[in-house]
Amino acid sequence: MKHYVWSAVQRFGTQIVSFLGNILIARILTPDDYGLVAMLAIFMSIAMNFTESGFADYLIRNPKSDRQDFSVVFVHNIVFSIVIYTILYFSAPWIAEFYDRSELVAITRVLGLGIVFRSISLSEFTRLRKSLDFKKLAIIQIFSAFFSVMVGYLLALNGFSYWALIAQILVQGIITIVMLIVLREWKSTLYFDMEKYKAMRKFGNHMIVSYFTNQIGANLYNVFIAKFYNSQMLGFYNQADKINKISFQSINGIILTTSYSLLANEKDRARRLEMYKRLLNQFLLIHFTLSLLLIAISRPLLGFVYGEQWLPTAPLLQLLLISFLFQPIINLNANIVKIENKPHVYRNLTFLRNGLMLLALMVTYSISIEVIMLGQIIARMISSVVGVLVCGKYIGFFPYQQLKISCKQLIAPGVALAVVYLVVYQLVPDNYFMSLILFSLSFVLVFVGVNVLIKNDTFYDLFYKFKIMLKRKI
């Protein structure tokens, strides 16, 4: 349990700091500033995937990984990051020409340095995850996020516009390296062994192709919106994506990232299956609740917290939250095939998912942003169904079991959302603050009441664990 607690501290602590910092900076900068930086997201994400190359998954799932293995990965990461940064540096004018924004030449060349900074800490972060040392991870990431937010905010106040966002990213990478050296007394060695590298590469080749297509799928919308609409609209979409990540990626990181190491170390298949069932129940209850709550309060949240200039983000945020509603099922099933050493299945499912996303985008991009988002919802729904049908059989976690769990955990947050929209929404005056408070309170009260009424074991279990954790802290 302590692993999940520290993982939660790490994820939520980092997200809270980043969220609050984003609010402060977003009230100063414009959607166009955010859009400019978001234009490069696809290039930076792909560059990081080539740098990491799926080796982190190999090191965690391989019980025989030793210091030499981590050193081989460290050398690989450094070399690849420098090569990729060089490519980005000389490609910057073409990127700027594609988007027709000359500012992107300098932005690409400076922001690309973040790839090199992050590559230095990748192997050591993997070592901390494998050893379940989430306490150090929490300290490092929260401190680096806080310091980088302060730098970004001060630069935004002093009129540095989009450079404030770029500085925030670079400073976080630098502070992370410094914190690893201070807290971990980290001294990576430049050791390399070709035989070890080939063994890692054999596993990593499947993963890197999967990660590559994942990043294409995740960032392709940025490219199309920036190219066929404008940077301001991309800024609105990017802000919706940031808020969505608070509900989705935080929970995903806490439960799936933490459990990956625990599940990989569990050799008893029956016990591992029970762990998967418990994980899916907990993951879906928390994720459904946060996602549907954000759907309910999206407009007053943006109006009150971010300011009226960001209100066009609200409908995009709601559609994005719906599209990610069943993403936890995709991710948990992906973890099943990775742990069961079926990287080719993971790769093929990734191809299918991103192929569906691309097809939906090609059909909808010329109509409107809202229709683009509806296409994304349909593509993700089909992908989640296929993932359940294909992956669960490797551990005996069959589709009807996953469907039953999904329906059970959707009842309470679904009813709570319906009450907010059908009842409370009609009674609250058009005031952002009052709406935010009343929508949130109504949702929580109905959510708790329904869970008690249907006697949801997962709700009681999480409540009991939270209660024990609070007593220990007191």
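In segment 80-156, which GluC sites (Glu not before Pro) are in a loop and have at most 15 other Cβ atoms within 10 Å, using DSSP for the loop call?
Here the GluC sites (Glu not before Pro) that fit, given the DSSP loop and packing criteria, are 103.
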Counting only protein heavy atoms and leaving out ligands, DNA and RNA, the solvent-accessible surface of residue 357 at a 1.4 Å probe, in Å² to the nearest 10, equals 10 Å²
To the nearest Å², the heavy-atom accessible area per residue of segment 362-446 with 1.4 Å probe amounts to 54 Å²
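Between rounded, prolate and oblate, where does segment 264-372 land on the alpha carbon gyration tensor, with a ≥ b ≥ c its root eigenvalues, rounded for a/c under 1.5, else prolate if a/b exceeds b/c? Don't jump to the answer; show the numbers that get you there.
Working: a/c = 3.94, a/b = 1.56, b/c = 2.52.
Oblate is the answer for segment 264-372, as a/c is 1.5 or above yet b/c matches or exceeds a/b.
The values are calculated or read from the model by the stated rules, or taken from the named source; none is laboratory data. Remember, it's a predicted structure, so these values are computed and weren't measured experimentally. All Cβ positions, even for glycine, are placed from backbone atoms using ideal geometry, and neighbour counts span all protein chains on display. SASA here: full protein model, heavy atoms, side chains in, ligands and nucleic acids out. Shrake-Rupley method; radii C 1.70, N 1.55, O 1.52, S 1.80 Å.
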